[in-house]
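Below is one structure, written out as structure tokens; comments come after it.
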Amino acid sequence: MSRVTLSRYLIEQTRSHNTPADLRFLIEVVARACKAISHQVSKGALGGVLGSTDNENVQGEVQKKLDVLSNEILLEANEWGGHLAGMASEEMDNAHQIPGQYPKGAYLLVFDPLDGSSNIDVNVSVGTIFSVLRCPDLNGCSGDIGEEAFLQPGTQQVAAGYAIYGPQTMLMLTLGNGVKGFTLDRELGSFVLTHDDIRIPQSTAEFAINMSNQRHWEAPVKRYVEELLAGQEGPLGKNYNMRWVAAMVADVHRILTRGGVFMYPRDSREPDKPGKLRLMYEANPMSFIIEQAGGASTNGYQRILDIQPTSLHQRVAVFLGSREEVERVTAYHQA
Ligand code: AFP
């Protein structure tokens, strides 16, 4: 059978699920930008793209050269096509306006251009995460876009995905009817469907958490992780393995592939910040993908996709992955 490229998959989605043509175009443009980022990432020291800039982003993090480059690639690719009303990025303080000379469209694009950027200089997987929302009011979206247009709960996402730049470059995508995985065929220059209908196993014996923060966690997380570590002799009665890549994209990708539970809990070092990860750029798109693959995602107390955002750069605690374990750690928070 002939191979199904991303373009063909999207056209078939238009026929079978009425995926609008401008959404199809949007996904193709994002995928093209991810190919360009993948190319830059793979050059490494040869392309002079390693190392940091002198700037900090709105999160107070020093920007890597590839953070800035990836952000520019996504902005430039998506400005002119007429499919967007605006964009927001983890790397920018405010919403990005579509330049006046271009038409505007019905969608908002939100992204983390290079997730896991501390991995770049050590040649470990990184990725790009994106989320697509509808502009709430098309008339109100024809002028400048303010932050409030983006502040929609994750349930309103019409598409979400990520590209992972690892041993292979892959694009994982949901349009709200399951999760598909595409592998970049570098000879053809196309993403090809290689992982159809991805499902996360309900139970797992693998967890992902940054253990170095253990002393700063809240009681329910301490309890849960102690039980995981107690293994067969503990209350859970089985041995668990641990993995931590320090790039959410890579940890989530492993969970989509073979199951697991990923946790980035609230941390008492910065009590005013409810977690490290960003709701709009990381938690919402990943939660949409995880739920579409049969997994679960909460902040310990509620479903992440139900959270009403209050600001663009809002942070959130995250527990996501195999349903049984996410339900267990969520129940410990609610006890
Ligand atoms: P960046 O997007 O700023 O590179 O941060 C990566 C990240 O938000 C997420 O992808 C990782 O899971 C997490 O940080 C790693 O955090 P630690 O530094 O605590 O390992």
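The values are calculated or read from the model by the stated rules, or taken from the named source; none is laboratory data. Keep in mind the model is a prediction, meaning the values are calculated, not measured. When we count neighbours, we look across all protein chains shown, and the Cβ atoms used for this are built from the backbone with ideal geometry, even at glycine.
Overview of values
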item: Complete set of residues in the range 197-210 that are more than 16 Å from Gly231 (Cα to Cα) and more than 10 Å from the ligand (Cβ to nearest atom); result: Asp197, Ile198, Arg199, Ile200, Pro201, Gln202
item: Only one of Leu229, Leu256 that is more than 18 Å from the chain's Cα centre (by Cα), away from the ligand (no atom under 14 Å from the Cβ), in a helix (DSSP H, G or I) and assigned by TED's automatic domain parsing to the domain that holds Asn210; result: Leu229
item: Which listed residue is under 13 Å from the mean Cα position of the chain (by Cα) and assigned to a helix (DSSP H, G or I), from Ala283, Ala331; result: Ala283
item: Pair list, Cβ under 6 Å, 6 or more apart: the range 10-34 residue without any contact (Cβ under 8 Å) to a residue 24 or more places away in the chain and buried (at least 16 other Cβ atoms within 10 Å of the Cβ), other residue assigned to a helix (DSSP H, G or I) and of a type in the set (Lys, Arg); result: Leu10/Arg24
item: Qualifying positions in the range 70-106 - assigned to a strand (DSSP E or B) and either within 16 Å of the ligand (Cβ to nearest atom) or without any contact (Cβ under 8 Å) to a residue 40 or more places away in the chain (or both); result: Met87, Ala88, Ser89, His96
item: Residue in the range 283-304 that is within 11 Å of the ligand (Cβ to nearest atom), among the hydroxyl-bearing types (Ser, Thr, Tyr) and closer than 19 Å to Leu114 by Cα present; result: no
item: Residue check for Leu312: within 22 Å of Glu218 (Cα to Cα) and surrounded by 18 or more Cβ atoms within 10 Å (Cβ to Cβ); result: no
item: Out of Ala246, Ala250, sole residue that is more than 17 Å from Glu325 (Cβ to Cβ), within 16 Å of the ligand (Cβ to nearest atom) and not in a helix (DSSP H, G or I); result: Ala246
item: Pairs with Cβ under 7 Å, 6+ apart, first in the range 38-57 and without any contact (Cβ under 8 Å) to a residue 12 or more places away in the chain, second surrounded by 15 or more Cβ atoms within 10 Å (Cβ to Cβ); result: Lys43/Val49; Gly47/Gln40; Glu56/Gln63
item: In the range 259-280, the residues that are under 17 Å from His313 (Cβ atoms) and either assigned to a helix (DSSP H, G or I) or not small (Gly, Ala, Ser) (or both); result: Tyr264, Arg266, Asp267, Glu270, Asp272, Lys273, Pro274, Lys276, Leu277, Arg278, Leu279, Met280
item: Tally, over the range 203-213, of residues that are touching a helix residue (DSSP H, G or I) at 6+ places or on another chain (Cβ under 8 Å) and either at pLDDT 95 or above or within 23 Å of Val249 (Cβ to Cβ) (or both); result: 6
item: Enumeration of residues in the range 315-334 that are over 16 Å from Phe207 (Cα atoms) and in contact with a strand residue (DSSP E or B) (Cβ under 7 Å, 6 or more places away or on another chain); result: Arg315, Val316
item: Out of Ile198, Ile98, sole residue that is touching a helix residue (DSSP H, G or I) at 6+ places or on another chain (Cβ under 7 Å) and under 14 Å from Ile289 (Cα atoms); result: Ile198
item: Lone unmet requirement of (1) in a strand (DSSP E or B); (2) more than 13 Å from the ligand (Cβ to nearest atom); (3) among the charged types (D, E, K, R); (4) surrounded by 14 or more Cβ atoms within 10 Å (Cβ to Cβ) for Asp54; result: (4)
item: Out of Leu312, Leu320, sole residue that is within 16 Å of the ligand (Cβ to nearest atom), in the same structural domain as Met248 (by TED's automatic domain parsing), at pLDDT 95 or above and part of a loop (DSSP other than H, G, I, E, B); result: Leu312
item: First in the range 144-171 and in contact (Cβ under 8 Å) with a residue 40 or more places away in the chain and within 14 Å of Lys35 (Cα to Cα), second anywhere and basic (Lys, Arg) and not in a loop (DSSP other than H, G, I, E, B), Cβ under 8 Å, 6 or more apart; result: Thr169/Lys35
